[in-house]
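To keep things clear, I will list the structure first and then write my remarks on it.
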Amino acid sequence: MSTRPNHFFGESDDPREVELIHSLVEKTRQGKIPWVKQASALTAAISSGFGFEINFVLAPTLSFVNPHSSSWQLLTVRDRSGSELVRVSNPPMITVLAGAAKSPLVHAADELFKLVYGAAGDELDRAINTIKKL
């Protein structure tokens, strides 16, 4: 297993990692990457060619206003053998509110999460949305 740097802010991002995340955003928008929502994660597996797994670990929800909203705390991209290609930690909200700038890699991961979280749903989410549309 690889020991990739844990990206936060102020660290130098590998442009290839940012490019990989942007490519995942584009392919997800095109519907070419199916995502699965689980209790504490969003995952996708790409088996063609190189083959790898993408995993967002969801942050615990502390919101009383909207308990169904979510955020991510960790994004990993692993190859077929389980080695980490990319590892990105989402900075704590208190740090972001203090004005620290997010790295380009964290911004790309945020974009992917927002796209995936809105598109990936479990059966209960689909049932709720179906009823709302009646």
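The values are calculated or read from the model by the stated rules, or taken from the named source; none is laboratory data. These numbers come from a predicted model, not from an experiment. Cβ coordinates were reconstructed from backbone atoms using ideal geometry, including for glycine residues, and neighbour counts include every protein chain displayed.
Residues in the range 19-39 that are over 13 Å from the mean Cα position of the chain (by Cα) and either among the aromatic types (Phe, Trp, Tyr) or within 15 Å of residue 103 (Cα to Cα) (or both): 19 alone. Scanning the range 8-50 for residues that are surrounded by fewer than 17 Cβ atoms within 10 Å (Cβ to Cβ) and among the small types (Gly, Ala, Ser) turns up 10, 12, 23, 31, 39, 40, 41, 45, 47, 48, 49. For the range 86-103, taking the residues that are modelled with pLDDT of 95 or more and out of contact with any His (no Cβ under 6 Å at 6 or more places or on another chain), the one that is farthest from residue 56 (Cα to Cα) is identified as 86. On inspection, residue 43 does not qualify as modelled with pLDDT of 90 or more, of a type in the set (Ser, Thr, Tyr) and touching a Leu at 6+ places or on another chain (Cβ under 7 Å).
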